[in-house]
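Take a look at the structure set out below.
The values are calculated or read from the model by the stated rules, or taken from the named source; none is laboratory data. Computed from a predicted structure; not experimentally measured. Cβ: placed from backbone, ideal geometry, glycine included. Neighbour counts: every protein chain shown. Accessible surface areas use protein heavy atoms only, side chains included; no ligands, DNA or RNA. Shrake-Rupley method; radii C 1.70, N 1.55, O 1.52, S 1.80 Å.
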Amino acid sequence: MSNKKELPTEVRTELLKTLQTRFEKNKNRHEAIGWELVRAKLEVDADKLWSLNEMEITGGEPDVIGYDANTDAYIFCDCSAESPKGRRSICYDHQALNARKEYKPANSAINMAEEMGIELLNEEQYRHLQTLGKFDTKTSSWLLTPDAVRKHGGAIFGDSRYNHVWTYHNGADSYYAARGFRGLLKV
């Protein structure tokens, strides 16, 4: 029986080629990391490749943005200029989705991230990403929200305007055409 997260050979080959091209084009995001080491990790983890493909097909343009020496893992993040198109117009989490009585969005950021096998960026990770380029200058991205905020019905999101990174709050059940979420995956 095959793993449902196993990519067909041609999709796997094309994804690795896309990731390598992006990796080589954006060396400023991972100056001390070599592609061959990253590729070796990817080739032995079908689930992570599947998740990266999900990030890619929803418009995330994943790329390596760091290395965690404690876990010996490369950190991939959505590096599309704007919040991924295939992950917009969604509320924050399942609880917020269920709370909406009318005009429910199709899904939530937390649900989609879980289905894709990735994590939402927290505020610190989002601010780090913003040091690597210009992201979310026209859109915004839901961020992993602290429990103290979420228990009051809110959720946080970030964007970049006026050469400044902003973090805001909104009702977790809100959704906008220009708000999605960015994911992170450790490989």
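Dipole size of the stretch 50-123 about its Cα centre, with +1 on Lys/Arg Cβ and -1 on Asp/Glu Cβ: approximately 560 debye, rounded to the nearest 20. Computed from the C-beta positions of Q20 and K101, the FRET efficiency with R₀ = 35 Å rounds to 0.15. Calculated accessible area for the chain comes out at 53 Å² per residue, all protein chains present (probe 1.4 Å; ligands, DNA, RNA ignored).
Here the ratio of the Cα radius of gyration of the stretch 1-63 to 2.2 N^0.38 Å is 1.12. Shown are W142, W50, whose ranking by accessible area with a 1.4 Å probe and every protein chain present, most to least, is W50, W142. Taken about its Cα centre, the stretch 1-103 carries a charge dipole of roughly 300 debye when the Cβ of each Lys and Arg holds +1 and the Cβ of each Asp and Glu holds -1. Rounded to the nearest 20, the Cβ-based charge dipole of the chain about its Cα centre (Lys and Arg +1, Asp and Glu -1) stands at 560 debye. The calculated pair-distance distribution of the stretch 45-85 uses every alpha carbon pair, bins of 5 angstrom beginning at 0, and gives 6, 24, 25, 23, 14, 7, 1 percent.
With Rg/Rh (Cα atoms, Kirkwood Rh) defined as stated, name the option among [x] 0.98; [y] 1.17; [z] 1.04 computed from the structure displayed. So the calculated entry is the one marked [x]. Pairs from the list K17/K104; K5/K25; K138/K186; K101/K186 with a Cα-Cα gap above 30 Å: K17/K104; K101/K186. Among the GluC sites (Glu not before Pro) found in the stretch 18-47, those both in a DSSP coil and sparsely packed, with 14 or fewer other Cβ atoms within 10 Å of their Cβ, are E31. Taking T18, T71 and ordering them by how much accessible surface each has at a 1.4 Å probe, largest first, produces T71, T18. Think of the stretch 1-119 as a dipole: +1 on every Lys or Arg Cβ, -1 on every Asp or Glu Cβ, centred on the Cα centre; then among G59, G34, C77, G59 lies furthest on the positive end.
Based on every Cα atom in the stretch 110-149, Rg and the maximum pairwise Cα distance Dmax equal 11.4, 30 Å. In the chain, taking the dipole from charged Cβ atoms about the Cα centre, the farthest positive-side position among L49, L132, Y175 is held by Y175.
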